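Here is the structure we will look at, set down as structure tokens.
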Amino acid sequence: MWKNLHPNIRKRIQIEFLSRLGSSLIFPFMSIYLFHAYNAQITGVLMMINIIISFLAGIYGGYLTDVFGRRRLLLFGEFIKLLASIGIVCANLPVYHFPWLTFVMMFLGNIASGLISPASEAMLIDVSTEKTRAFMYAINYWANNLALMIGMIIGGWLF
């Protein structure tokens, strides 16, 4: 049945799997990292701001999808997420640590994720059929959960 899915659906599920795997290696442990760098109050405020802005980016992402198109927004968002991940690595090299830069990069990555979410969902709906939609969402659900589980296990072990 996997082969019967539209190539865009297969690619999107694979990209989302890798993206979720990479983010679950890092982001669940950011609150602990920021707590050690600052304190509980500052970390709580930073994480709350991050969640609110990510939510608002998701709302605004629907508008941007209509303005710029799905493909352009998806490519731009994934590129920003890649740059944010590289920025997090560069901010935490063994010779120095920049918690503020780590937060800024995490913030940018979450904004990009919020912006591309509506475009991704719209693309999946457009290229799927009634016949393949249930299977597509089931595979997408399991791929996201598997990536989250693997990422958190590896991330927790490395943290």
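A 1.4 Å probe over all protein chains sorts 97, 36, 6 by accessible area into 36, 97, 6, starting with the largest. Among complete DSSP H helices in the chain, those whose alpha-carbon atoms stretch at least 24 Å along the helix's long axis and whose mean Kyte-Doolittle hydropathy reaches 0.5 are 40-68, 70-91, 99-127, 130-158. Over the chain, DSSP H runs of length four or greater, each weighted -39,500 (n - 2.57), average out per residue to a 222 nm ellipticity of -30000 deg cm²/dmol.
Per the 1.4 Å probe, what fraction of the accessible area of the stretch 22-73, in percent, lies on carbon and sulfur atoms?
Working: 2360 of 3310 Å².
Carbon and sulfur atoms account for 71 percent of the accessible area of the stretch 22-73.
Based on protein heavy atoms only, the stretch 1-68 ends up with 63 Å² per residue of surface accessible to a 1.4 Å probe. Of all aspartates and glutamates in the structure, the ones whose alpha carbon falls short of 12 Å from that of residue 81, not counting any fewer than 8 places away in one chain, are 16. With R₀ fixed at 22 Å, the C-beta to C-beta distance from residue 104 to residue 56 puts the FRET efficiency at about 0.80. Probing with 1.4 Å while keeping every protein chain in the model, the per residue accessible area of the stretch 76-159 equals 57 Å².
The values are calculated or read from the model by the stated rules, or taken from the named source; none is laboratory data. For clarity, every value in this text was computed on a predicted model and none was experimentally measured. Ideal geometry is used to build each Cβ from the backbone, glycine not excepted, and the neighbour counts take in all protein chains shown. Each accessible area value is taken on the protein alone, full model and side chains, heavy atoms only, with ligands, DNA and RNA left out. Shrake-Rupley method; radii C 1.70, N 1.55, O 1.52, S 1.80 Å.
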